[in-house]
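Report on the structure given below.
No lab work stands behind these numbers, since they all come straight from the coordinates. The structure presented is a predicted model; accordingly, all values stated were derived computationally and were not measured. No Cβ is skipped: glycine too gets one built from the backbone with ideal geometry, and neighbour counts run over all protein chains shown.
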Amino acid sequence: MADEIDYESLPPNAGLAVNMLAGALAGISEHAVLFPIDSIKTRMQVFASSPVAVYTGVGNAFTRISSTEGMRALWRGVSSVVLGAGPAHAVHFGTLEAVKELAGGNEAGNQWVAHSLAGASATIAADALMNPFDVIKQRMQVHKSEFRSVFTCARVVYRNEGLAAFYVSYPTTLAISIPFNAIQYTVYEQVKRFMNPRGEYSPTSHITAGAVAGAVAAAVTTPLDVAKTILQTRGTSTDADIRNVRGMSDAFRVIWQRDGLKGFGRGLTPRVLTIMPSTALCWLSYEFFKAAIRTA
């Protein structure tokens with residue numbers, strides 16, 4: 001049982017294999033459970049010409065999607081994140097713990113620089129693997145998506161737009177993910193150490209620190225996430241301006257022209273509602289699996 005683990009006696013770094021396996025399991029758990037809210041976030045961030053795809057809030061989006069398209073529509077594309085989340089999170093947590101160790105983040109004292117560096121390094125490595133799966137996921141999530149299969153979506157996108165379509169949003173993804181993960185990991189470590197200074201296995205401190213860290217990071221990086229969604233779904237748009245978006249600056253220009261300042265906050269509520277529990281679940285799962293695997 002998790003509460004029987006002598007957590008304090010374990011060394012701070014569990015080792016690459018354990019960190020990667022625990023990270024893979026945590027990533028799959030995180031993304032699969034909260035996928036419907038992520039689908040709603042994507043729908044709310046897409047600038048559509050048809051009013052049927054415009055939602056006034058999370059509750060309104062859930063009601064309209066489930067009543068007009070069925071509950072299954074909220075899970076469309078989940079197989080893409082499951083396929084990508086395991087390997088990407090394995091790379092993420094393996095890199096995270098390795099850089100944290102090298103930077104001295106496991107030593108006593110306030111190590112926020114080491115934690116920020118570890119979080120940023122982890123996301124550069126993981127997003128290179130996850131970005132194509134994220135593009136496929138969002139193409140399948142949009143209103144009236146033509147895709148029902150991950151492999152069909154990947155094939156059609158590649159045929160029509162080339163390999164670049166899977167990485168056109170990668171610079172924007174990094175622009176979001178580097179500050180997001182640097183903020184998230186730093187806040188997580190600080191809150192965890194404040195709540196659990198002895199470093200014991202403590203589900204309460206892990207889940208609370210994860211939730212606080214996710215909420216802060218999600219709120220700060222929402223404008224960048226709106227730009228990323230435009231870049232990843234541009235191939236499904238009938239709007240010429242959106243289809244011609246080539247980078248973050250173009251996306252910001254479209255957002256400002258269409259919706260002004262409030263456009264940069266599109267999807268803020270579902271983003272926080274998705275990321276806050278997902279980071280809580282991810283860190284809870286990661287700490288549990290890491291401890292359980294090492295003591296098995």
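Taking 8 Å as the Cα distance limit and 6 or more residues as the minimum spacing, I'd like the relative contact order of the chain as a percentage. Could you put the intermediate results ahead of the total?
Working: 457 pairs, mean separation 82.0, N = 296.
After rounding, I find 28 percent.
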Subject >> Gaussian network model of the chain, springs between alpha carbon atoms under 10 Å - residue of THR56, THR233, THR274 with greatest fluctuation >> reply: THR56
Original post:
Mean residue ellipticity at 222 nm from the helices of the chain, using -39,500 (n - 2.57) per DSSP H segment of n ≥ 4 over the full residue count, to the nearest 500 deg cm²/dmol?
Top reply: -24000 deg cm²/dmol
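Given the peptides 117-127, 170-180, 87-97, arrange them by the average over their residues of other C-beta atoms within 10 Å, most packed first.
Order by mean packing, descending: 87-97, 117-127, 170-180.
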Subject >> Assigned charges on the beta-carbon of Lys, Arg, Asp, Glu; the chain dipole about Cα centre (debye) >> reply: 1240 debye
**OP:** Restrict the search to the stretch 153-250; then list the trypsin sites (Lys or Arg not before Pro) that DSSP places in a loop and that have at most 14 other Cβ atoms within 10 Å of their Cβ.
**Re:** ARG198, ARG246
**OP:** Provide the net charge surrounding ALA61, with neighbours chosen by a C-beta distance below 10 Å and charges set as Lys +1, Arg +1, Asp -1, Glu -1.
**Re:** +3
Subject >> Positive-end residue of VAL82, SER278, ALA61, charge dipole of the stretch 16-295 with Cβ unit charges >> reply: ALA61
Original post:
Hey, how many Å between the Cα centroid of the stretch 71-105 and the Cα centroid of the stretch 189-229?
Top reply: 16 Å
Subject >> Residue among TYR185, TYR55, TYR158 with the largest mean-square fluctuation in a Gaussian network model of the chain, springs linking Cα atoms under 10 Å >> reply: TYR158
**OP:** Could you check which residue among SER116, SER29, SER149 shows the biggest mean-square fluctuation in a GNM of the chain with a 10 Å Cα cutoff?
**Re:** SER149
**OP:** Note down the net charge around GLY235, summing +1 for each Lys or Arg and -1 for each Asp or Glu among other residues with Cβ under 12 Å from its Cβ.
**Re:** +1
Original post:
Cα axis of helix 112-141 to longest principal axis of the chain: angle in degrees, 0 to 90, nearest 10?
Top reply: 40 degrees
Original post:
What does the charge count near ALA90 come to, summing +1 for each Lys or Arg and -1 for each Asp or Glu among other residues with Cβ under 14 Å from its Cβ?
Top reply: -2
